[in-house]
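Note sheet for the following structure.
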Amino acid sequence: MADRLFQLSNHLTPPADLTRIDGQVVLITGAAQGIGRAAAELLASRGAKIAINDLDEKKANVAVKELQAAGYDAFCYCGDVLDVEFPPRLIKVVIERFGRINILINNAGFLNDAAIHKMTEEKFDIVMKIHNYTPFRMIRALANHWMDPANRTMTKTVINVSSTSGLHGAMGQINYATAKAGIIGLTKTVAAEWGRYGVRCNAAAYGWIDTRMTKPPNPDEKLVVGGQEMISGIPLNAKKWRDTSDIAVGRPGTVEDAAGVMLFLASPLSGCSSAVIDGGS
Ligand SMILES: NC(=O)c1ccc[n+]([C@@H]2O[C@H](COP(=O)([O-])OP(=O)(O)OC[C@H]3O[C@@H](n4cnc5c(N)ncnc54)[C@H](O)[C@@H]3O)[C@@H](O)[C@H]2O)c1
């Protein structure tokens, strides 16, 4: 038996490295730091060309310089993805630069937490906009490019970012939990409607990942979007939030953990999947 297995394995050619995405053009919103930046670095290391967007021009430029210094093909186009006119412009600029877009990662986001009775229309609205309207507008702006018969066979993949807050609800996050549940319906609809054009659409529903968003609020790092200052970060005394006992592996995820899920969804490893996956922690 052992001999037979040995003979068989001698005849098997080594499988292609399915984690390689050589030459694929990846556009990541909100990629100056956190999960988006880690994904940019990991996907670049697997052969992708990277287009970064962020509000924070300074950090985005640092991220791009480091990618370029490592020998990767990367550039950034900064601006506010919440602005209705910005998504089509961003898509156009990336296609002009790299000739196509293969993978869109709708990652830009923020919190603006408040208890239900203190949640204002403005806070609710802006969080719905960044996590639902913006991904919708980004995807719609790709319609002509991705439905073009000339691009029938190229890789076309969307990765949206949901959250366990959207799957299970979360204290103080009535706006964010609603929006992160909404992105799941959006994801499944894109998969259903555009599968025939060869488009895959997935969402990763992360739990607690250690980034600026979940660190204690830092008064020196104010996030102002559309003239509104966000309530960013999770206070250290938010006991429900800081409890790791209900996390299966007993620790928050790292940005590298989160980026690994994105590589899986971007690569041929998930070549037939259109789904929502639990991104861990
Ligand atoms: N950290 C977590 O625990 C966690 C869990 C689940 C889901 N998520 C989601 O992951 C994504 C990334 O979050 P993160 O934790 O890396 O946060 P982060 O704050 O580290 O990074 C978010 C980035 O998005 C950018 N951004 C925000 N608004 C923007 C806008 N209007 N236009 C352009 N860029 C904008 C910010 O400048 C920032 O660089 C978000 O969608 C978030 O909701 C995070």
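The values are calculated or read from the model by the stated rules, or taken from the named source; none is laboratory data. Treat the numbers as computed from the prediction; the structure is a model and nothing was measured. Here the Cβ positions follow ideal geometry from the backbone for every residue, glycine too, while neighbour counts run over all protein chains shown. Keep in mind that these areas ignore ligands, DNA and RNA; they rest on the heavy atoms of the full protein, side chains included. Shrake-Rupley method; radii C 1.70, N 1.55, O 1.52, S 1.80 Å.
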**Request:** Quote the relative contact order of the stretch 185-256 in percent (integer), defining contacts as alpha-carbon pairs under 8 Å separated by 6+ residues.
**Result:** 29 percent
**Extent along principal axes [Cα atoms of the stretch 111-160; Å; largest to smallest]** = 52, 16, 10
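How high is the relative contact order of the stretch 1-159, in percent, counting Cα pairs under 8 Å that sit 6 or more residues apart?
Relative CO of the stretch 1-159 lands at 22 percent.
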**Request:** List the residues whose amide H sits under 5 Å from the amide H of LYS156, counting only those 5 or more places along or on another chain, with H placed 1.01 Å from N in the peptide plane.
**Result:** ARG200
**Request:** Could you sort 243-249, 91-97, 126-132 so that the peptide with the highest average Cβ count within 10 Å comes first and the rest follow in order?
**Result:** 126-132, 91-97, 243-249
**Asked** LYS240: which lysines have alpha carbons under 23 Å from its alpha carbon, excluding same-chain residues fewer than 8 sequence positions away?
**Response** LYS118, LYS123, LYS180, LYS215
**Prompt:** Counting only Cα, what are the radius of gyration and maximum Cα-Cα distance Dmax of the stretch 191-281, in Å?
**Reply:** 16.8, 49
**Asked** Which far-off residues, 5 or more places away or on another chain, put their amide H under 5 Å from the one on VAL225, with H placed in the peptide plane?
**Response** MET230
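Could you order the peptides 47-59, 188-200 from most to least packed, using the average number of other C-beta atoms within 10 Å per residue?
47-59, 188-200
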**Prompt:** What accessible area per residue, rounded to a whole number of Å², is obtained for the stretch 167-224 using a probe radius of 1.4 Å?
**Reply:** 47 Å²
**Complete:** At R0 = 22 Å the Cβ-Cβ FRET efficiency linking ASN144 and THR189, nearest 0.05, sits at 0.75
**Request:** Could you calculate the FRET efficiency of ASP80 with HIS168 from 1/(1 + (r/R0)^6), where r is the beta carbon distance between them and R0 is 22 Å, rounded to 0.05?
**Result:** 0.15
**Complete:** Cα-based Rg and Dmax for the stretch 24-96, in Å, come out at 11.2, 34
**Complete:** Summing -39500 (n - 2.57) over every DSSP H run of at least 4 residues in the chain and dividing by its residue count gives a helix-only mean residue ellipticity at 222 nm, to the nearest 500 deg cm²/dmol, of -11500 deg cm²/dmol
**Prompt:** Among THR13, THR164, THR120, which one moves the most in a GNM of the chain with springs linking Cα atoms closer than 10 Å?
**Reply:** THR13
**Prompt:** What angle do you read, to the nearest 10 degrees and between 0 and 90, between the alpha-carbon axis of helix 34-45 and the longest principal axis of the chain?
**Reply:** 20 degrees
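With both partners inside the chain, how many of the DSSP beta bridges are antiparallel, as a percent to the nearest 5?
Working: 2 of 30 bridges.
The antiparallel proportion sits near 5 percent.
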**Asked** Given a cut-off of under 8 Å on Cα pairs at least six residues apart, what relative contact order in percent is computed for the chain?
**Response** 19 percent
**Prompt:** What's the carbon and sulfur percent of the stretch 133-281's accessible surface, probe 1.4 angstrom, rounded to a whole number?
**Reply:** 57 percent
**Asked** Label points 7 Å out from Cα along the Cβ direction at ARG46 and LEU18: separation in nm?
**Response** 1.1 nm
**Request:** Just report the Cα centroid separation between the stretch 37-83 and the stretch 220-281, whole Å.
**Result:** 19 Å
